[in-house]
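Structure record follows, encoded as structure tokens.
Throughout, read-outs are computed from the coordinates displayed, never taken from laboratory work. Model, not experiment: these values are computed from the prediction. Heads up, the Cβs are rebuilt from the backbone with ideal geometry, glycines too, and the neighbour counts pull from every protein chain shown.
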Amino acid sequence: MPAMLLHDLIGYLEQLLGGAVITVELAVSGYVLALSVGVTWALLRQTRNRVARAIVLGVWRVYASIFMSVPSVLVLFLFFFGGGTLVGALCGLVGLKARVDVSPFVAGLAALTIVQGAYSAEVVAGAIRNVPRGQFEAARALGIRPYQAWWYVILPQVARLALPGLVNIWVSVLKDTSLVALAGLNELVARSRTAAGATKEPFLFFIAAALFFIVFSSVTLKLSSRLERRLDRGTARPVAAGRGA
Amino acid sequence: MTFDLALALHSLPVLMHGLIVTIALAACVLVLGMMISIPMALARTSRHKPIAWAAAAYVLFFRGTPAMILLFFVYFGFGQVFGARDGFLGALFSNAFLCAVIGFALNHSSYVTEIVRGGLQSVPRGLVEAAAALGIEPRDVFLRIRLPLAIRYGLKAYQNDVILLTKATAVVSIITVVDLTGAANAVFYDTYDPFTPLLTAAVFYWVLINAIRVGLSRLDAWLNVHLAADERRDLAIQIRTEGLAPALPAGQLGEAAE
Amino acid sequence: MSVVANEIADERPIAVQIQGVDKWFGSFQALRQIDLDVHKGEKIVICGPSGSGKSTLIRCINRLERHDRGTVVVNGIELSDSARAILDVRREVGMVFQQFNLFPHLTILENCMLAPRLALSLSRAKAEALAMRYLARVHVAEQASKYPAQLSGGQQQRVAVARALCMEPRIMLFDEPTSSLDPELIKEVLEVMEELAADGMTMICVTHEMGFARRVADRCAFMDQGQIVEIAAAKPFFEAPRSPRLRAFLAQILH
């Protein structure tokens, strides 16, 4: 019996690994999409055209207000339970007939994208705001065209300033994938619960799942620190206060 | 895909009850979290290596773990071990609400510990030296200078965390606590109408979160009266002396300018 | 080794006695064999180039820095690792910092009242009266209910002086008190310091304000590379400097 029990445990741990793969797939795709949405919003918010600006800011305020004040789980449920009907209605508007079933993965992806996209937009827009005015002015004074100035001067600095915030969002996305278990996605956390229930070994599997998240986010944090240091080269370091004057 | 107003009104009592559970849960977690975090932040910066190391491990573990796993951990894990027994622990871990409080508090406290620690480290050394030079004892230096300033420095981050926590409580139905989201789901299961209850719940959350935002903004203005520029300072002094919230157009309490 | 010129025998009791003090920061020696006696009521100005150890020296007097060798005795209390001794010394010694270091979350009045209430256990009423008295003495009484951020630099530094005085110390340390001030604000702070000096306070000042030193100091000390190179009464210090390093320093400063 002990041998079989061990066999079971290993089997379930392998299951967890499979779940981890799904978790990572969802996290990576969600993050990439969220980042794209965020950068797009942030760039749109920089427009100087008065009319466009008014429209963009108006829509942004509504979008941000909603998706930063409503739990991701609720957004997930709305997409999951109502998504099919929503798509059907939209297609109906265009004259198509569609009966779509939204899978948990897709619903999760949509929810992550839309919610974390708002937070990403804030991080990137904030980073843009924090690039010193003088950088824009110097680029203009040098006669560099606006689009080149953005690409060569501004965006690299935005990347440096946005990095910490974007890394935090990555960790959020990674952890929020667990929410999709509530829509039935059989990812790591869901599988850990199944395994714990089946083997009556809750601590083993929950700690294993927890360790996965911890190790994964620690590794990414370490890598991002290195990236941050590399991006920071060339920036002024505050002069160390002299001792003993 | 229509919004059924009649259903929405009919399900209000159920949703309100869920809302109260949500608020109660968040409040308990905030209190418990603060009780854990201040000592933990001090432990984190302790000169005794084992204590500092243990605190760092605490933060690492509970910050990196999704709340859901922690809920499972407490409810299924400790619940299984202690739940069937008699006595205090048995009562504690067989109560789903209390398990939820503990689970979220473990997560939340790890963030707040870092916020408090960051706040403490942001207090300029010169201020601590000045207090010491005045002959004030270390304990009073901590309570009257370092901690109050740490709280003010960390307030913005703490506000964000409170809001994130309130939103995070939405998953608690996974361990049978019927909060606002759980209530909305219950209505959905009964009526097969997903949109009405979920959208109504969304509106409730929106109102709740924004009420928290505004409330914390006022607290921020009150605490930071010494920093504010003139119009905001006058407002803050007014709030402090009158204790009332005067009607304000939106955006006047320091929302990020575009 | 110090070059001492024209030392007039000083019969007053010794307020601060520093003997054979060495201090290291890691492998860097910040103070070398410092010997200094400061008499009660004496005003000493310490000057010298950056990194010469001036700040480190006065910070050793109230234990903001810990001396590694030698002894520091303040009003009869020897500074050691004893927390009691440190607290006692700090209640005898007041300090004014270059960066003011006023507590930003407290009003001016509260800034001055805090230490008397906590360290001297004064009642609120007594502490308030005390604070108002010293705030009036530095001419900022009308700012009492404001916050530090609402005051100019000169006003803030004067409040810092009042705050230190509220502990009624017998010795006042000044660590480059005017170095962070805009030029037009320096005068008001120096005036307060001169009034304090005239009232008989024992003062040890690290400063670049040579005019002030000439007017106020009993003795001046020149420090370089962790040592007191020359110490003399103010007049001979400025008019007949003995050591070449001091001569070079004065030439630079007084161009």
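The condition of being more than 10 Å from chain B (Cβ to nearest Cβ) and farther than 20 Å from A:ILE169 by Cβ does not hold for A:ARG226. The residues of the stretch B:85-102 that are in contact with a Phe, Trp or Tyr (Cβ under 7 Å, 6 or more places away or on another chain) and buried (at least 20 other Cβ atoms within 10 Å of the Cβ), listed by number, are B:PHE93, B:CYS99. Just for the stretch C:117-127: of the residues that are surrounded by 18 or more Cβ atoms within 10 Å (Cβ to Cβ) and within 9 Å of chain B (Cβ to nearest Cβ), which one is nearest to the chain's Cα centre (by Cα)? Filtering first and then ranking leaves C:ALA119. Can you name every residue in the stretch C:69-88 that is surrounded by fewer than 18 Cβ atoms within 10 Å (Cβ to Cβ) and in contact with a strand residue (DSSP E or B) (Cβ under 8 Å, 6 or more places away or on another chain)? Listed by number, the residues that qualify are C:ARG69, C:GLY70, C:THR71, C:VAL73, C:GLU78, C:ALA85, C:ASP88.
Take B:PRO194 and decide whether it is free of Cβ contacts under 8 Å to residues at least 24 places away in the same chain and closer than 30 Å to C:ALA115 by Cβ. So B:PRO194 does not fit the description; no. Restricting the stretch A:168-191 to residues that are of a type in the set (Ser, Thr, Tyr) and surrounded by 24 or more Cβ atoms within 10 Å (Cβ to Cβ) leaves a set whose member that is farthest from the other protein chains (Cβ to nearest Cβ) is A:THR177.
Across the stretch C:166-188, not a single residue is classified as in a loop (DSSP other than H, G, I, E, B), touching a residue at least 12 places away in the same chain (Cβ under 8 Å) and of a type in the set (Phe, Trp, Tyr). Contact annotation: residue pairs with Cβ atoms under 8 Å, 6 or more positions apart or on different chains, pairing a residue in the stretch A:47-62 that is within 16 Å of A:ALA125 (Cβ to Cβ) with a partner that is acidic (Asp, Glu) and surrounded by 10 or more Cβ atoms within 10 Å (Cβ to Cβ), are A:LEU57/B:GLU258. C:THR207 fulfils the conditions (1) within 17 Å of the chain's Cα centre (by Cα); (2) loosely packed, with under 15 Cβ neighbours inside 10 Å; (3) polar (S, T, N, Q) except for a single criterion, (2).
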